[in-house]
Ligand code: SAJ
C-alpha cells in the first residue's frame, strides 16, 4: 500500500519506518523542513534503540521518503502532537490542520487513521468531518513506550475504532501487516476513551505511590519497602514513587478527560499530587542543605524518565526553578541529553563543590560505584537525595556515599 505519514515525530517516524519495513511504500510528511532533511539524509532526529538500522534498511530499499508536501496515498496516518493550553484544555489545532491537509489529498476509498491521543469524539468532530464523501476514518491510538518502541509497535495489542464499521475493518487489515498481537475492534469514541484510560490509570497509580511515600515519611516508615511487600499480593500493583511524572502523555492525557466532564475528583487529585512533587523534592532538598548563602545542588538527570533523551514536562525543570527561587545555586547533568539543554553540563562540573546531589532520573549511568567515586573527588559533601529509590543505601554507605531516599 501507499501510506502517507502525517507528522514525523516520536510516533509518526517509527510508525512510518515500521510500515516501510513491512513492505509498504511510505511517504513521510512534516511541516518542519529540518526533520525532513535529516530523515532524507538517513539520520534520525530522535534517538530510539534499533531504529537507525531500520531507517537505513528502508531507505536503501527505496520504501521511505520524506518531504514537506503531503503526497497522495491509499492510507494516511496522522501522528501530530496534542498538547494542552495554559488552562489545561486540549489544543487540537495540529489535528485540525493535519486533517484538513489530508482532506484535500484523500479520495473516496482512502483510509485515514488518527493515531494522536485525543479527547473523546475528536476523530468524529475534528478529523472525519473534513473528509470528502467515501473516505474511511478510524482512530488507532499509539501505545508505545519510548525506549522500547520497535518491540511495542509490533507486539502490543491495539484497539481500533472506526467512524464506521467499514473503516474499522480497513484499518485492522492495514495494522495487521505490522502488528503481530491482537487487534481489538470498537468504535472511534471508545478507542479514544481506552487510550485516555490507560495513561490516566498510570497517573493515578503513580500519584497513589507518591502519596503513600509521603505518608510513610510522616509515619517514620519506609514506604518503598512497604509497597514492595504489598505488591506481592496477587491483585496489588502499585507503581514507584518518584519526583513527579513527565513526558508528553501521562501529565497531559488525564486533562482530556477532566476537562470534558463536570467532575472527575480522583483524576484531578492525582494531577495535583504528581504536579506537586517537584515542590516536595525541593523542600526535602532544602532540609538537607547547610544553612549558608547560596548552597550548591547538582541535579542528576534532566530527562523525564530513565534512559531516554526526552526532557518534555520533566519534573527536573520545575524542581530546578523552585530551588533557584530559594537562592540555591543549581547545576545539572544528564548523560542522555544534548549539552546545554536545560543547563546540561558535564557531570564533573555539575558535581563540583555541591553540597547535595539530587538524583531525579534513574538513568543506568547513575550507579553507586561511579557516583561515589565522582562525589568523593568533586562534591563538598558526599550526600545524595535519591528521588527514585534506585540507589542501594547500604552499598552506597560502604562506598562512603550518604544516600537519602525521598
Ligand atoms: N513514573 C513514575 N513511577 C512509575 C512509573 C513511571 O514516577 O512507577 C514516571 C516516569 O518517570 C515518567 C512518567 O511517570 O516521568 C511517565 O513515564 P511512563 O514510562 O509511565 O510513560 P511514558 O509517558 O513514557 O509512556 C506512556 C505509556 N503509557 C502506559 O504505559 C499506559 C505508553 O505506553 C504510551 O504510548 C505513552 O504514554 C503515550 O504516548 O501515551
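Just so you know, all these numbers are worked out from the coordinates, no wet-lab data involved. Because the structure is predicted, anything quoted here is derived from the model rather than measured. Cβ placement follows ideal geometry from the backbone for every residue including glycine, while neighbour counts extend to all protein chains displayed.
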TODO: Treat the count of other C-beta atoms within 10 Å as a stand-in for reagent exposure and order 392, 325, 110 from fewest to most.
DONE: 325, 392, 110
- [ ] Please report Rg over Rh for the range 152-271, where both radii come from the alpha carbon positions and Rh follows the Kirkwood definition.
- [x] 1.09
Task: Stokes-Einstein translational diffusion, the range 300-359 - Kirkwood Rh over all Cα pairs, 1.567 mPa s, 4 °C, in µm²/s - done: 112 µm²/s
Open item on the list: Among 174-184, 4-14, 239-249, 27-37, how do they line up by average Cβ neighbours within 10 Å per residue, starting with the highest?
Closed with: 4-14, 239-249, 27-37, 174-184
Task: Value at 222 nm in deg cm²/dmol, rounded to 500, when DSSP H runs of n ≥ 4 in the chain each add -39,500 (n - 2.57) - done: -12000 deg cm²/dmol
TODO: Pull out the extension gain between residue 43 and residue 275, defined as 0.36 nm times the separation in residues minus the alpha carbon to alpha carbon distance; nm, one decimal.
DONE: 80.0 nm
- [ ] Work out how much length residue 157 to residue 124 would gain on full extension: take 0.36 nm times their residue separation and subtract the Cα-Cα distance, in nm to one decimal.
- [x] 9.6 nm
Open item on the list: Between residue 190 and residue 294, what's the calculated FRET efficiency when r is the beta-carbon distance and R0 is 56 Å? Round to 0.05.
Closed with: 0.55
- [ ] Determine by what factor the alpha-carbon radius of gyration of the range 71-139 differs from 2.2 N^0.38 Å, reporting the quotient.
- [x] 1.08
TODO: Find how many whole Å separate the alpha carbon centroid of the range 190-262 from the alpha carbon centroid of the range 293-339.
DONE: 22 Å
- [ ] Treating the Cα atoms of the range 220-269 as identical point scatterers in vacuum, please give the log10 of the normalised Debye intensity I(q)/I(0) at q = 0.15, 0.33 Å⁻¹, two decimals.
- [x] -0.64, -1.15
- [ ] Using only C-alpha atoms and all pairs of different ones, pull out the Kirkwood radius for the range 161-216 in Å with one decimal.
- [x] 13.5 Å
Task: the range 29-132: Cα Rg divided by the 2.2 N^0.38 Å rule of thumb - done: 1.20
Open item on the list: Given 25 °C and 0.890 mPa s, compute D for the range 247-406 with the Stokes-Einstein relation, Rh being the Kirkwood radius over Cα pairs; round to the nearest whole µm²/s.
Closed with: 151 µm²/s
TODO: Would you mind computing Rg(Cα) / (2.2 N^0.38 Å) for the range 333-406, counting N as its residues?
DONE: 1.02
Task: Angle between the chain longest axis and helix 51-60 axis [Cα atoms, degrees, rounded to 10] - done: 30 degrees
- [ ] State, in angstrom, two size descriptors of the range 367-406 derived from its alpha carbons: Rg to one decimal place and Dmax to the nearest whole number.
- [x] 9.0, 24
- [ ] Answer rounded, prolate or oblate for the range 214-324, using the Cα gyration tensor with square roots of eigenvalues a ≥ b ≥ c: rounded when a/c is under 1.5, else prolate when a/b is larger than b/c, else oblate.
- [x] oblate
- [ ] For the range 71-221, just list the percent of Cα-Cα distances falling in each 5 Å bin from zero outward, please.
- [x] 2, 9, 17, 20, 18, 13, 8, 5, 3, 3, 2, 1, 0, 0
TODO: Enter the angle in degrees (range 0 to 90, nearest 10) between the Cα long axis of helix 277-288 and the first principal axis of the Cα atoms of the chain, meaning the one along which they spread out most.
DONE: 20 degrees
Task: Cα-projected label distance for residue 235 with residue 326, points at 7 Å along beta-carbon direction, nm - done: 4.1 nm
- [ ] State the three equivalent ellipsoid semi-axes of the range 1-89, derived from the C-alpha gyration tensor as the square roots of 5 times its eigenvalues, in descending order and whole Å.
- [x] 22, 15, 12
Open item on the list: To test your reading of the geometry: what angle, between 0 and 90 degrees and rounded to tens, separates the Cα axis of helix 188-219 from the longest principal axis of the chain?
Closed with: 10 degrees
Task: DSSP bridge orientation in the chain - percent antiparallel, rounded to nearest 5 - done: 5 percent
TODO: Considering the convex hull of the alpha carbon atoms of the chain, report its projected area averaged over all viewing directions, in nm², one decimal.
DONE: 21.0 nm²
Open item on the list: Using a 7 Å offset from Cα along Cα-Cβ at residue 263, what residues in the range 71-99 end up with backbone N under 14 Å from the label point?
Closed with: none
Open item on the list: Let's test the formula: R0 of 35 Å, r as the Cβ-Cβ distance of residue 176 and residue 373. What FRET efficiency results, to the nearest 0.05?
Closed with: 0.10
